[in-house]
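To keep things clear, I will list the structure first and then write my remarks on it.
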Amino acid sequence: TETEDELLYVWQQRIGNKWAEVAKHIPGKTGQQCAQRWRHRVNPNIKRDKWNQLEDALLIRLVELYGNQWALIARNVPGRTDQQCMGRWRRHLDPTIRRERWNPDEDILLCAMWSKYGNSWSQISKGMEGRTPQQCRTRHQHIDLNMQHWLKMNEERIKAVNVSEYERARGLDGF
């Protein structure tokens with residue numbers, strides 16, 4: 001709540017990042033909850049506006065240096081959290097992520113994978129080269145809006161996909 005956020009701000013200013021101590025002054029909250037809320041919402045030093053080109057360039061360079069060590073990367077991007085850095089990279093900057101339109105073959109494979117794995121989007125995305133779990137989920141929802149018509153048009157092609165064979169060929173069996 002807004003009141004809890006105000007208390008968190010006041011007590012963090014007095015005590016610092018001793019979260020177990022801070023939590024003693026915020027009813028019903030643990031030190032871990034206070035730390036997380038501070039890092040991601042209350043801390044006035046965290047930027048909440050759009051990323052700029054300089055920040056993007058810095059993030060790209062830091063990912064080249066540190067891989068996916070997001071906490072380490074965030075310490076080197078002023079005003080950004082590890083979650084913000086990871087999200088910016090994965091949603092906008094990662095060159096391995098395909099951002100072009102989905103093609104009909106991908107739609108067929110997506111539906112076949114969904115038939116096998118249900119809503120396990122992380123699992124499904126492992127078989128969808130260059131597509132994130134979020135992209136797979138969003139695309140499936142889009143297809144699902146028109147599913148009855150689409151399924152009738154592609155029923156035979158979907159049945160013909162052997163997902164297990166496809167996974168073995170890509171070295172993904174057993175995941």
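Scan Glu100, Glu155, Glu129 and give me the residue that is exposed (fewer than 13 other Cβ atoms within 10 Å of the Cβ), over 28 Å from Arg37 (Cα atoms) and in contact (Cβ under 8 Å) with a residue 12 or more places away in the chain.
Glu129 is the lone residue from the list that is exposed (fewer than 13 other Cβ atoms within 10 Å of the Cβ), over 28 Å from Arg37 (Cα atoms) and in contact (Cβ under 8 Å) with a residue 12 or more places away in the chain.
Within region 64-122, track down each residue that is over 14 Å from the mean Cα position of the chain (by Cα), farther than 25 Å from Asn43 by Cα, in a loop (DSSP other than H, G, I, E, B) and among the hydrophobic types (A, V, I, L, M, F, W, C).
Residue satisfying the conditions is Trp102 alone.
Can you find a residue in region 39-56 that is at pLDDT 95 or above, outside any loop (DSSP other than H, G, I, E, B) and within 20 Å of the chain's Cα centre (by Cα)?
Looking through region 39-56, at least one residue is at pLDDT 95 or above, outside any loop (DSSP other than H, G, I, E, B) and within 20 Å of the chain's Cα centre (by Cα).
If you scan region 43-69, which residues turn out to be open to solvent by less than 70 Å² (accessible area, probe 1.4 Å), in contact (Cβ under 8 Å) with a residue 24 or more places away in the chain and within 10 Å of Arg80 (Cβ to Cβ)?
Matches in region 43-69: Ile46, Trp51, Glu55, Leu59.
The values are calculated or read from the model by the stated rules, or taken from the named source; none is laboratory data. Everything numeric in this text was worked out from a predicted model, so none of it was measured. Note: ideal-geometry Cβ built from the backbone for every residue, glycine included; neighbour counts use all protein chains shown. Ligands, DNA and RNA are stripped out before the accessible areas are found, and what is left, the full protein with its side chains, is counted by its heavy atoms. Shrake-Rupley method; radii C 1.70, N 1.55, O 1.52, S 1.80 Å.
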